[in-house]
Structure formats: structure tokens, C-alpha cells
Number of protein chains: 4
Amino acid sequence: MKIGPDTSPTTAISGSNPETIIVRGHDLVANLIGSISFTEHVWLLVVGAFPSESQRRILDATLVAIAEHGLVPSVQVSRMTLATAPEAFQGAVAAGLLGCGSVILGASQEAGKLFQEVLVAAGQEDDLRPAAQAVISRYRAEKRSLPGYGHPLHKERDPRAVRLLDLAREIGISGRYAQAALAVERVIPAVIGKDLVMNISSAIPSVLLDAGYPLLALRGVPILARTAGLIGHLLEEQNHPIGFLMSHAAAAAISYDGPAPAGFVANEN
Amino acid sequence: MKIGPDTSPTTAISGSNPETIIVRGHDLVANLIGSISFTEHVWLLVVGAFPSESQRRILDATLVAIAEHGLVPSVQVSRMTLATAPEAFQGAVAAGLLGCGSVILGASQEAGKLFQEVLVAAGQEDDLRPAAQAVISRYRAEKRSLPGYGHPLHKERDPRAVRLLDLAREIGISGRYAQAALAVERVIPAVIGKDLVMNISSAIPSVLLDAGYPLLALRGVPILARTAGLIGHLLEEQNHPIGFLMSHAAAAAISYDGPAPAGFVANEN
Amino acid sequence: MKIGPDTSPTTAISGSNPETIIVRGHDLVANLIGSISFTEHVWLLVVGAFPSESQRRILDATLVAIAEHGLVPSVQVSRMTLATAPEAFQGAVAAGLLGCGSVILGASQEAGKLFQEVLVAAGQEDDLRPAAQAVISRYRAEKRSLPGYGHPLHKERDPRAVRLLDLAREIGISGRYAQAALAVERVIPAVIGKDLVMNISSAIPSVLLDAGYPLLALRGVPILARTAGLIGHLLEEQNHPIGFLMSHAAAAAISYDGPAPAGFVANEN
Amino acid sequence: MKIGPDTSPTTAISGSNPETIIVRGHDLVANLIGSISFTEHVWLLVVGAFPSESQRRILDATLVAIAEHGLVPSVQVSRMTLATAPEAFQGAVAAGLLGCGSVILGASQEAGKLFQEVLVAAGQEDDLRPAAQAVISRYRAEKRSLPGYGHPLHKERDPRAVRLLDLAREIGISGRYAQAALAVERVIPAVIGKDLVMNISSAIPSVLLDAGYPLLALRGVPILARTAGLIGHLLEEQNHPIGFLMSHAAAAAISYDGPAPAGFVANEN
């Protein structure tokens, strides 16, 4: 069964022969191992060229910002999975990453698309607010949520977002994407009727896209960062397990309210 | 249903309140974002303290060494998964990581355990060969494979392994684990009856354990490195898809040899 | 951090105490184990009530129809994953299921939504073609693909689809959803400009929705069916491994066309 | 790079041409869809032949027994994953299945291996207790846990296990594996020093192996059963979400006890 697009059967990332491994045009052993940092290698792998110092710094800062944030759902998922399947460390990491979806960590890429739409609509205009207003009015008309804005608890901007935006300015990479992100924030009250400030999921794409990181690989950034956080938690889970404790607490918070035979009392979960 | 060990309901990785996020004792926004590299953050998350310059360098080198090696099974798996489920980038990464198991990428941790057994057996002895001989003789008696030695094609050491071992010596972290790895290599011919040289899966644990990286988190190193490689491949898959092409080639290589009604000729796969 | 909707902390699927496990109101041990088939139990778990004989038959037929179709991408993914991580059977199944996304197996649910839109647009009308025409014209205007129609190779309907539709008529459950599916097929040539016949991904939702199976659980049907197929393949992979063979063939079909140092010839993949 | 065993490039499960799909020698459309139940198809896919009535009944009973047991860790994991990544139903199922590992659901296959060791040790002997005693004494000497025995709460046998063993006797398939399971239970007090009764993970392999189901596919049985349970929960999660509620409760049960700046009080999790 032939399915799929017509493309040439090629890859441009890595090639090798028994003596040499080439990665993005460079000899891995001779020129990369021991010579560049992992963050520079990530940029090389994804973008195809070495990062500038500013590009490297903003990618480092972004990865540090979102690697770890306590016992969030993906961490709980990962630790519970290791508790029940300790033979498969890789399975516990994979389970945790499966929660990096559109609601929380994946919103970065959606926000990046939003900013791109604003910039396309704005064309050469300096003031991005009319374009921002047009785009988010359309989102509202289509009943789509606004990725990257608002926070369940805080009325102020997420301090991690503020730090990333400041850093981008300090190192001279802040540009049109950051302006688009701020323009959206500014027109939200008029269009939506309430304040929704930038959160980490709008800060990440704005600084990375301004730095030249590709939109279609944005989803990878929280995933890579979070993988590091999960490794720390899975080491702790082996030495000081709380996976089952969390699961007991979660189950105890929920009651059975379905049908039951007369006299049955549920008391386990 | 109460399952699981008795431990205190605590975590020592991260805590937060509405103003501040603490990671391993440090204020994330004030002291980490923009101040340390991702690799330093990985070490902090896993080990609980900042790395020395040597520790940072060897972790960087290791991650760079194994992030990418062409169209290996985990990359194929990840690209095929994105081709059939493009809505879930995180699912494609997770599928690729699920192949980081005991046969290929997970062998690092098994090799690390082997070296630890050698060091425990050796005690204060300078010469690790007798202990190495005892341990691998036992492995052989128990019909267990030797993790980290031998290579399907090459008789010489994997050049990436050589580079990592050399670097560890250059930066002064090479120690007892590297000695254990070499001692095992040296006694293999007498015990096993053929040469099996160190491959990347024995080089990684020897340099990282010498640097003070924890054994129970070794599985995380190839997983983190490979996540970066997968992001590069998944970006390429979106721009230049080959997932279905690889799948067609794989299927075409296999014939159906099961029972069939008279006259049936299989010609699709 | 409080995220998520406001709902009561309850579940209606299962409750238990040390003596009794209740599933959807029934005593699991006394009344379900040994008394009902797995397919009846699936219906009970998902729908909340026992299926009629017709409902049971169409769910059985659907699951049988899509459990297995040779070395498709999800099967390759699963077998390659077991080859590289044999310690985690569950990981190999999970990897295979991650490919049950919107392009191939997940299209059933998308097609089900399409038919529901047609039925809502049609209201009480007997003739569903005007509504079908309106809905697929809108899909076309929004540049969305039509889930469940067309086939890479065949101009005729998928024989599995034909069989499911025939069976639904034989057992008396064929209804408005099947009519909607056929109406869409009939108006496609005029709207799209070419013939696109029903494939398995439109047959499945039409027969199951007519039988009363819930739309939001349609994604589960190919997943459950495919899990059975994967178990068969993973048993074969243990006894007669072809995971690495498929991976070699897939890699050999792709060439490296990225930059390289002068004189480098890639000959491994 | 050539890795992997030398095997013929063949599969015996399914072959097809544009007109016909053959599964295990049968024409899928003409002879299987609408003619056999899903459980019969599962047996056909895994074993390669149709089941007898007794084989079908015991597989149905086993799948019904373990499909659902309330808000166990794998269900929590699956619901939390859907809450954070609602675009990927398949990812939520995969995450849940990744917890079907050696500690809980995967113990069935380990218990099956134990019984096989007992039967090999017993040879033609009628009384399996001496062999059982020898095998579990060896497990104890090797400090391995006994898969399939004991229960965190109950001193009596799990009622689901009792039901499966009774049913196997009723339908005439109970044999040497069930005897091995009981022999192990009987010698445990003398060897281990306390009572550990059969739980569901020893009942499943004993009845299925007696029925002729293959040992190396035992891991698949809880996975298939649990997939059905997860589909029910993921439908409920869409209509009545509790994923975030469970996650809040789990996080609230755990305190941060790591280092922190003076004056920092953690109050979020």
C-alpha cells in the first residue's frame, strides 16, 4: 500500500562510513565531541548551523526556564509509571513527555503560529497593534483559545516570562516576534474584555523565533527541557519513591458515584 | 488498595510559591535562567549541585557524542510515527525514546553496573584485572551478555568511545571506573575466547561515573541526547517527509510465508 | 497551581471495597467474569450498559476488520522498538499505538464528526445530499481534507468497508449515519471534481454510530483492535525477529545529501 | 551498521494483494469479519489457529477480569495525559499502558515463567510440591520476589483469581500449570515463613497456559484488557474531567524538603 507524499529519499542531518560520522557537515569525533556544548549541538542539529553567542544564550536560558516546575502532571505521570514498571526507565520518560501537549507545554508552538500570523498581517507596518487586533478578533470569532496568555493564579506576568524577555533585550536579539507578543497582550483587554498577560508559553516562542529558531521545532524545546527534569525526578523516585503515595492521594480525592447493588459501599480507590 | 514502599511524602527537587520557584535550593528566575547553561542545569537537576568545569565538559561531550547517528531504529520509529500522527509531536518523540532500551542505548547503565561490581570486588587493589576476570567469568557462567563491549562491524574501538576516554584524561577526571572498563577489555580474550573492544556504551558510564554522575541516572543520558537528535529529525520530517518511504522499503524487504488459500499471491506489504 | 475545569470529584465507572469490585453497576466477580464476552465488556465499559446482540456483533466485526493489516508503519514501529528494548513489551505496544493518529487509524473519529455535522445540517430532511454538499463544500473552502474517503491504490471501495456496511444492514442497525456516509460519497464528484470512495475510516464510524457507540470514544476502536494485532507481531518478533532487518532496509533506502568534508563518502545507514 | 540476529525476512501473520487480505491463512473479508468474535480473532492472531470453545471462554474471562479496577496508577496516568494533551487520544492510551510493567500487570508473565520452571523441574512427577519447593528456594536464595503471590491488603485469595481458577475447572481446561500454581502456594509458608496467597497475576498465567496460550505473549493479555478500560476512562475524562483534580490532590500530598533561601515558604505543588 503506497501512502505518503512524493519526496526524494534523502536526509541532510547525518551520514557515516566505518571511519567517520558526519553531523550537519561536521566530523562528529574530530570537531564536535569535546569542542561544543550540548546546547550548541542542539542548535546545530535543529537549525543546521552553529549558533551565535546570543542564539546559544537564549536557547540555554529557555531550556533552563522550563526544565523543572515541581510535581506537575507530567512529572507525576512519569514517577507513577516508573513505580509500576521500574524495568523501563525509557518508558517512564516517554509517559511523562506524552503530557507535553497543547494545553500546557505545547502551547509554545501554537503561540508562535499566532505571532507569525500577526507579522504576516502587519507586513511592513511598524505598529503591530492593528494586525494583532485583527488576528485575535478572528481567533475569538472562531472560538479558539489564545495560546500563551493568562494564568490560572497570577494576574501579573509569569516571572520566568519576564526574565526571558529581558534577557532577549539585553543580548540584542529581541525583535518583531517579541513586539508581536506584546502587541497581542496590549489589545487583548479591548477585544476579549479582560486582562490576560503573557505567560511562559508566549515568552518562549517570541524570544526563540526572534533568535532564528524554526517555528516547526518549537514543540521540541519544552520536550527537551522537560526530559532533563524527568531524569532528576526518576533518579529521586528510585532512591525515595513517592509514585504510589501520589497515586493513593489522587485516588482518595475521587468518589464512585455510579450505580451499585443495594448495600454496596465503595471505600477503596 | 495500598501498594508501594513506606517513604516520607517529600521531594527535594523543586518547591514554589506564587512569587518564587526554587530548584535544588536556587531561585530559578533570579539565579539560574540566563546565568547557567542547560548542561549545568541538567547536572544540577540530577546531582543536586552545580558541576565543576570538568564535570560540565564531560557531560557536554557525552551528550554531543550520542545525540545523533543517522537513521537508526529509534529515528525511523519517530519519523514514521509523526508521518501517521502529525498532530502529536510529543508522541513521535516518545515513540523514538521507547527504543532506548537495553540492547542499544540503555546498555550504558548495564555497563556502569558491571564496572561497579568490578570495583567492589577489587576493593583497595591497584590491579583491577583479577576482579574484572572474576566478574566477567561469573557473567559468562550466568550466560549474561557483556554490556558495552564488541561491535557488529568494527574490530577497533568506536572512535566516539576513544574520544571520550581521551578527553576524560585530558581534563583530569579519568579514574577507577575507566580503569575498570579497560581491565574488563583486557581480560575478555582469555575469558571469552575472542576480542571484544570497548564501544560507546562502556565509554559513557566510565567517564561519567568517574566524574561523579549517579549510576541510577545513566539511562537518562542517552535519552536526553537522543531527544535532541529526534527534534532535528522531526523538523526535517515535516519539511521533507521520508517516514512513509522508509516504511515502504522496510515492508518490501519482508515476504509473507504463512498459510494462504490456493492461488493467493501476496504482493503488497 | 490550579489548572483545569470545575467538575465534581467523581467517577462512574468502577468502585470497590475489600470484598466487591463493581464495574458499571455490576459485581465483577459474581456477574461478569465468565458470563460475558470481552466485546460485551468493552461495550459495557465504554457505553455503561450491556450491548444488544446487534451492537455486540457490529463491534466484534469492526474490531476484527482492523486488528491486522500486515507490516504497516505501526507494526514496524512496534517490532523495531521491541528489538531494541526487549525488556519492555508494554513499551513496544505503546510505541505502535502512538502511530494510530489522524492520518491513518484515527481518521475514523474525524469522519464520525463529519457525518454528525451532515446530520445536524440536514435536520428532519430525508434526503441528506444537500446537507452533505453544504458540509463538504465548507471543508473544501477551509482546505481541510475529507476524512474517510479515497484510497492510495484502489478506485473501488475497500472490501472491508463494504463488508461492514453490508453486515450493518443484515443485522438491522444501518441508519442515518450510514446514509450520511453514502450521501457524502455521492456528492463528492460534483464538489471535489473526482471520485473518492468510502474507505475503512468512514465505514467504521458510520456503522458504530448507527449502533449507538459514542463519537468521542471512536478513537479507541482502532487502538483496541490494533493492540491485538501488535501482540501477535510481538510474539512473532520474539520467536522470529525481523525488527532489525526492516530497519536496515528502511535505512538503505535513504541517502545522505547534506554537506560533508571533501572526500567523504557515506556508505552506512 | 548491521545489528540483530540472522533470520529469514518473513512474517507468517498477514499477507495481502489488492483484492484479498489474508490473516493467519484466512480471507479476512470473506471468512472472519462478521463471522468470529474479537476474542476468537485475538486467539487466532496470537496463536495462529482458532480457539476451542473452552479456550475462547477462558480468554474472555481473563480479559473481563482485568480490564478495569478503578483509579489505579495507569488510569490516573492516562487521564492526566489526556487532560494536558487532549489532541492525542492515542498518546493518553500509550501513557497508561507504559505502566503495565513488572510490578503490577506485567507480573503475570513472570509468574508464568515461574510455573514453567516448576514443571520442568518436576518432569513426570505427579506431586509438584518438591519441585515447587526447590524452585522457590532458589528464588529466595537469589533474593528475587515471588511474582503472583501476596496482596497488600487481603489475606485471602483475590476473588477474581478464585473465579478464574474455578471457571478453568468447570470448563475442563485446568491442568499442570494450575497445579504448579497451587503447589507453589502450598510450599510458600515453609520456605518463606509466612502465608502468601495466589493473586490475579498467578491465576492468569495458570489458566491461560493450561489452555495453550503462549507464555511469551502473556504480557499482552493485561495490556489488551487494560486498553479497553482506558477507553472507558478517556471517554469519561472528556465528558467529566478529573485529570487535573487528581493531579492537584497528588501534588498536595507531597511537601518540598530540599534546601531553600532563608524565608522561603513553599505553598504550591
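Computed from the coordinates by the stated procedures, all read-outs in this text should not be read as laboratory data. Since the structure is predicted, the reported quantities are computational estimates derived from the model, not experimental observations. Note that each Cβ is placed from the backbone with ideal geometry, even for glycine, and that neighbours are counted across all protein chains shown.
If each label sits 7 angstrom from Cα along the C-beta direction, how far apart, in nm, is B:Val191 from its counterparts in the other copies?
Those label-point separations list as 3.0, 6.7, 7.0 nm.
Would you grab the residues whose amide H sits under 5 Å from the one on C:Thr10? Only those 5+ places off in sequence or on another chain, please, with H modelled 1.01 Å from N.
A:Ser255
For A:Arg144, place a label point 7 Å out from Cα along the Cα→Cβ vector, do the same in each other copy, and report the separations in nm, one decimal, smallest first.
1.3, 5.4, 5.5
Rounded, prolate or oblate: pick one for region B:2-54, where a ≥ b ≥ c are the square roots of the eigenvalues of its C-alpha gyration tensor, a/c under 1.5 means rounded, and failing that, prolate if a/b is larger than b/c, else oblate.
Here region B:2-54 falls in the oblate category.
Return the chain B residue and its Cβ-to-axis distance, rounded to the nearest Å, for the rotation relating B to A.
Of all Cβ atoms in B, the one closest to the rotation axis yields B:Ala94, 2.
Using just the helices of chain D, give the 222 nm mean residue ellipticity in deg cm²/dmol: DSSP H runs with n ≥ 4 each add -39,500 (n - 2.57), and the total is spread over all residues, rounded to 500.
Taken over chain D, the calculation gives -17000 deg cm²/dmol.
Within the P(r) computed for region A:125-226, what percentage of the Cα pairs occupies the region above 15 Å?
Every Cα pair in region A:125-226 considered, those over 15 Å come to 64 percent.
Would you kindly derive the ³J(HN,Hα) couplings of region A:162-168 from the backbone phi angles with the Karplus curve 6.51 cos²θ - 1.76 cosθ + 1.60 (θ = phi - 60°), listing them in order in whole Hz, with x for Gly and Pro?
4, 4, 5, 5, 4, 4, 4
Tell me, what ³J(HN,Hα) does each residue in region A:115-125 have, in order and in whole Hz, if you take phi through Karplus 6.51 cos²θ - 1.76 cosθ + 1.60 with θ = phi - 60° and put x for Gly and Pro?
5, 5, 4, 4, 5, 5, 5, 6, x, 8, 4
Starting with the highest mean, order A:209-219, A:116-126 by the number of other Cβ atoms within 10 Å, averaged over the residues of each peptide.
Descending mean neighbour count gives A:209-219, A:116-126.
Can you list the GluC sites (Glu not before Pro) in region D:1-89 that are in a DSSP coil and have 16 or fewer other beta carbons within 10 angstrom?
Answer in residue order: D:Glu19.
With just the Cα atoms defining each centre, how far is region A:238-269 from region D:129-163? Give it in Å.
26
Once you order the gyration tensor axes a ≥ b ≥ c over the Cα atoms, which shape class does region A:20-130 get: rounded for a/c under 1.5, otherwise prolate or oblate by comparing a/b with b/c?
It comes out oblate by the Cα gyration axes.
Quick one: of the DSSP bridges fully inside the protein assembly as shown, what percent are antiparallel, nearest 5?
Close to 80 percent.
Summarise the partner chain shielding of B:163-175 as one whole number: the mean count of Cβ atoms from other chains within 10 Å of each residue's Cβ.
Taking all residues of B:163-175 together, the mean is 1.
Skipping prolines and chain starts, which residues have an amide H placed within reach, meaning under 5 Å, of the one on C:Ser102, given they are 5 or more residues away or on another chain?
Amide H neighbours of C:Ser102, under 5 Å, 5+ apart: B:Glu87.
Quote the relative contact order of region A:37-146 in percent (integer), defining contacts as alpha-carbon pairs under 8 Å separated by 6+ residues.
It rounds to 12 percent for region A:37-146.
Taking θ as phi - 60°, what are the ³J(HN,Hα) couplings along region A:9-17 by the Karplus curve (6.51, -1.76, 1.60), each to the nearest whole Hz, with x for Gly and Pro?
For region A:9-17, the Karplus-derived couplings read x, 9, 9, 10, 8, 8, x, 8, 9 Hz, x marking Gly and Pro.
Taking the Cβ-Cβ separation of C:Ala141 and C:Arg169 as r and a Förster radius of 25 Å, what is the calculated FRET efficiency to the nearest 0.05?
Once the sixth-power term is evaluated, E becomes 0.15.
Could you give me the percent of Cα pairs per 10 Å distance bin for the protein assembly as shown, shortest bin first, beginning at zero and ending with the bin that holds the maximum distance?
2, 10, 19, 25, 22, 15, 6, 1, 0, 0
How would you classify region B:102-149 from its alpha-carbon gyration tensor, with a ≥ b ≥ c the square roots of the eigenvalues: rounded for a/c under 1.5, else prolate if a/b is greater than b/c, otherwise oblate?
Verdict is oblate for region B:102-149.
Nearest 0.05, what FRET efficiency do B:Ile192 and B:Asp127 give at R0 = 25 Å with Cβ-Cβ as r?
0.80
Might you report the magnitude of the Cβ-based charge dipole of chain A about its Cα centre, with Lys and Arg at +1 and Asp and Glu at -1, to the nearest 20 debye?
Magnitude of the dipole: close to 600 debye.
If you average the sequence gap of Cα pairs under 8 Å that are 6 or more apart and divide by the length of region C:98-155, what percent do you get for the contact order?
That works out to 33 percent.
Can you give me the P(r) profile for chain C? Cα pairs, bins 5 angstrom wide beginning at 0, each as a whole percent.
Distribution as computed: 1, 5, 10, 12, 13, 13, 13, 11, 9, 6, 3, 2, 1, 0, 0 percent.
Using amide H atoms built 1.01 Å from N in the peptide plane, name the residues 5+ places from B:Met198, or on other chains, whose amide H lies under 5 Å from its own.
Hits under the 5 Å cutoff: B:Gly150.
From Cα pairs below 8 angstrom and at least 6 apart in sequence, can you work out the relative contact order of chain D, rounded to a whole percent?
Reported relative contact order: 23 percent.
Can you give me the Kirkwood hydrodynamic radius for region C:15-83, using every pair of distinct Cα atoms, in Å to one decimal?
Hydrodynamic radius (Kirkwood, Cα only) of region C:15-83 equals 14.5 Å.
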